[in-house]
Amino acid sequence: MKYVAFLPVLLTINLFLTSCGDQAAKTDTTAAKTDSVRLFEGSVEYSADTAKLIGFVAYNEATDQKRPAVLVIPEWWGLNEYPKDRARQLANLGYIAFVADMYGNGLVVDSPSLANAQASRFYTNPALAGSRFMAALNKLKTYPQVDSSKLAAIGYCFGGSIVLNAAKLGAPVNGVVSFHGDLRGVPADKKLLKAKILVAHGAADSFVPQEQVDAFKKQMDSIGADYTFKAYPDAVHAFTNPGATAIGEKFGLNIKYNAAADTASWKEMQDFFGRIFK
């Protein structure tokens, strides 16, 4: 599948469009698919355009078997502990996971204003977002543990929007999962969209209103996209991140952790992977 670069489409940015909690997840990991687990994890330098990037990789080094690979795109806070924890969980499930550094130099920000300034560069420049996405995916594919026929990408909040745009514009992955991500972005093109899509959405998410949900579904239906849309009752923005509640209170944002929705959406992701990696 040939990847087509992101189109330079300008999107309207709200200061708190993709605000998310910035603390590490505390959810339990699932047992690995192998009999033993010896987790390898570490920072990885790579590059895109003119930027030095510092990603994070995690996998079970107790086996030499090739395995499906999952690219993780962080929230708008950058590559902090939360996406690293998700990568560790994926490694314990038997995948090799790589967290992309979208901002460069491993930058992590700690306020909505700084996060908005960084994320806006990618919302308003899909070509830049595409370059960073593909740089991380190509780096992930260099690992000998990767089964290059089985690739997926997941993203949280800002990252959810990034993976949906990547899929709509032909990124060479089997599927993508958006967790509480913005649903706008570049128009979908039937000739380009090859990946299957899973959207895990908070039904009470004030940052992604029902009109946006309806428009997304209409667009997907209009091109016959293979997508699944799951909405979780009472879940607001950033519902997968245990740090969201404290951050919401600190900055006055309508974000909050929802354990039931977190557990359900993680299970939906695992089932989704089971389908796309057959």
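General remarks:
- Simple point charges give the picture: +1 on the Cβ of Lys and Arg, -1 on the Cβ of Asp and Glu, and for the stretch 135-195 a dipole about the Cα centre of about 180 debye.
- Most mobile listed residue (K217, K191, K139) in the chain, GNM with C-alpha springs under 10 Å: K191
- Options (1) -0.42; (2) -0.35; (3) -0.75 - which one matches log10 I(q)/I(0) by the Debye sum over Cα atoms at q = 0.09 Å⁻¹ as calculated here: (2)
- Cα gyration tensor category, rounded, prolate or oblate, for the stretch 80-212 with a/c compared to 1.5: rounded
- Fluctuation leader among G202, G252, G185 - the chain, Gaussian network, Cα springs under 10 angstrom: G252
- Here the Debye sum runs over all C-alpha atoms of the stretch 141-234 as equal scatterers in vacuum, and log10 of I(q)/I(0) at q = 0.16, 0.19 Å⁻¹ comes out as -0.61, -0.83.
- Annotation: the antiparallel percentage among DSSP beta bridges lying fully within the chain is about 35.
- Around the Cα centre of the chain, unit charges on the Cβ atoms of Lys, Arg, Asp and Glu (plus for the first two, minus for the last two) sum to a dipole of about 860 debye.
- In the stretch 29-109, the GluC sites (Glu not before Pro) that fall in loop regions by DSSP, at most 14 other Cβ within 10 Å: E61
- Charges were assigned to the Cβ only: +1 to each Lys and Arg, -1 to each Asp and Glu. The resulting dipole of the stretch 92-198 about its Cα centre is roughly 420 debye.
- Distance between the stretch 96-125 and the stretch 223-275 - C-alpha centres, whole angstrom: 20
- Farthest toward the positive end of the dipole of the stretch 102-168, out of A129, L114, Y103, is the Cα of A129, where the dipole comes from beta carbon charges about the Cα centre.
Since every read-out is calculated from the coordinates, none of them should be taken as a lab result. If you're wondering where the values come from, they're calculated on a predicted model, not measured in any experiment. Glycine gets a Cβ as well: all are built from the backbone with ideal geometry, and neighbour counts include every protein chain shown.
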